[in-house]
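Please read the structure below before turning to the comments.
No value in this document is a laboratory result; all are computed from the given coordinates. Everything quoted here is computed from the prediction, not taken from an experiment. Every residue, glycine among them, receives a Cβ derived from its backbone with ideal geometry; neighbour counts consider all protein chains shown.
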Amino acid sequence: MRRLMTIPGVGPMTATAIKAFVPDIGVFKSARHFASWTGLTPKSFSSGESITIGGITKMGNADLRSLLVTGAMSVIRNTKTDDNKSWTASLKRRRPFKVAAIALANKNARTIWAILTKGGSYETAPTRA
């Protein structure tokens, strides 16, 4: 749980919920499958040559999804938009608030999968020059 709490937007409640609700992280083949299981990935509508991406699926555990989104909303709200090197600041400038929060929650779910399967702890990405 301590390793998960190093991720921005993941606190003790979210880390505890992940340990309680996720049966075995090894069941998921990839980080996308884990994010999809939480209901944070866009729904795809495909027919022939046309591909349409919709809103999030909202499948999976609603409690876990709501904790991830709430933590992401907190991070987005506290991000300064004048920071040009931050991924979240760039996202906040380009997208509506809740869309940015869902994107960060999706990213956090994928990071959680990586930490639980590969070990280690969260490290901030190097800043862009």
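Can you classify the range 1-100 as rounded, prolate or oblate using the Cα gyration tensor, where a ≥ b ≥ c are the square roots of its eigenvalues, rounded means a/c under 1.5, and otherwise it's prolate if a/b beats b/c and oblate if not? Cα axes put the range 1-100 in the oblate bin. Each semi-axis of the equivalent ellipsoid for the range 42-129 is √(5λ) with λ an eigenvalue of the Cα gyration tensor; in descending order they amount to 24, 19, 15 Å.
Where in the chain are the DSSP H helices whose alpha-carbon span along the long axis reaches 20 Å or more and whose Kyte-Doolittle mean is at least 0.0? Span-like helices, by this rule, are 62-77, 97-118.
Spin-label pair Thr6-Ser121: with each label point 7 Å from Cα along the Cα-Cβ axis, the two points sit 0.5 nm from one another.
Can you sort Ser74, Ser36, Ser46 so the residue with the fewest Cβ neighbours within 10 Å comes first?
Working: Ser74 15, Ser36 20, Ser46 9.
Fewest-to-most Cβ neighbours within 10 Å comes out as Ser46, Ser74, Ser36.
Amide hydrogen proximity for Thr41: with H placed 1.01 Å from N in the peptide plane, the residues at 5 or more positions away or on another chain lying under 5 Å are Thr57, Lys58.
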